[in-house]
Amino acid sequence: MKKLVLLMVILFVTLLGACGNEEKNGQNQEVPEFLEVEINLPEENLEVGAEINLEAYVSQGGEAVEDADEVKFEVLKQGDTDSEMVEGEHQGEGIYTAKKKFDAEGVYSVTAHVTARDMHNMPKKELIVGDPTSAVPSSEDQETDSHEGSHDADAHDEDSEAHGHGHGHGHESDVVVELQSGLDMAVNENTKLSVLIKEKGKPLTGAKIRYEIWKEGQEKHEFLDAAEDGNGIYHATKTFDTTGTHLINVHVNTESLHEHQLFSVTVN
C-alpha cells in the first residue's frame, strides 16, 4: 500500500513539472518582428531619360535583412495598365537595388515586393519624371486605381468633398500601407490580416481602417473593420472559404484623408 501511494505521488509530481515546463515554454515563445521595407528614391523630379537606382532597405527588429528570398521593383506609369517588374540585387547591409531608365514624362509608382523570413511586404512610393501636365490623379484615374472601389468609399469621398476635406491619394498624403500578413493564406482557417500604416514615415494612429475583400472575378465584396493594435498596426480576422486569388483593398480614413491600397493574395 505504501509503495502504491509513493508511486502515485511520484507520478503527480512528474506531471506537475511537465505542465510547468510547457507553460514556461509557451510564455517564452516570441512573436517575430514585422518585416520593414523602406524605399529610397530621388526626392526631386527626374529628367526624361534619366537612369537611377531603385533602392529598398529591408530590416527586421532594427537589424538589416541579408537573406531576403526575393526583392522586385514594380514600376507603373500613371495612366498605363501594364507595369514593369525589375529584379533587385543585394548590395549588403540590408540594401537591395535595381537600375531603371525613365524614357517618358509622367508620374510613376514604384512598389517594392519583398519576401523574406516567411513574410511579405510591398510598400509603394511615387516618382515624377519631367514636368507632366498634371501630377495629381484625376477623379477618373482615382476610381480606376481603387479597383472599382465600393459604394461606401465613394460615399465617403463625396461627403468629404462636401465638408471641404482633402483626400490623401498618392504622393499628396505620403501614406504607405504595408501588408504584414504575407500573400499566401490557408483556406478554412482563421487568418489574422495585419497592416502597418505610415504617414510621412511615421506610424499613423487613430485611423479608421476597413478591409474590403473579394474573390477575383466575383462581384460580392465583404467589409471588415480593423482593430488598432498601436504603433500604426491594424488587424482583422478573416476565414477564406474558397481557394484561389483574392483581392484585399485596405481603406484608410481620417478626418483629413481617404487612402486605399490594393493587395492580391493567394488562398491555398
Ranking request for peptides 241-254, 73-86, 216-229: highest mean number of other beta-carbon atoms within 10 Å first, then the rest in descending order.
241-254, 73-86, 216-229
Would you please state which residues of the range 185-200 a label at D229 would reach in this model, taking the label point 7 Å out along Cα→Cβ and a backbone N cut-off of under 19 Å?
185-186, 189-199
Exposure proxy order (Cβ contacts within 10 Å, fewest to most) of K200, K72:
K200, K72
Pairs beyond 32 Å (Cα-Cα), from K124/K220; K100/K192; K99/K238; K100/K220; K125/K238; K101/K238:
K100/K192; K99/K238; K100/K220; K101/K238
Label-point separation, T239 to I52 (7 Å along Cα→Cβ), nm:
4.7
FRET efficiency (D131, D69; Cβ distance; R0 35 Å; to 0.05) is 0.35
Dipole size in debye (nearest 20) for the range 35-129 around its Cα centre, Lys and Arg Cβ +1, Asp and Glu Cβ -1?
180
Out of L35, G62, M85, whose Cα points farthest toward the positive end of the dipole of the range 35-129 (charges: +1 Lys, Arg; -1 Asp, Glu; placed on Cβ)?
M85
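Every number in this text was worked out from the coordinates using simple rules, so none of it is lab data. Predicted, not measured: the structure shown is a model, and the values here were computed from it. Here Cβ is always computed from backbone atoms with ideal geometry, including for glycine, and neighbour counts include all displayed protein chains.
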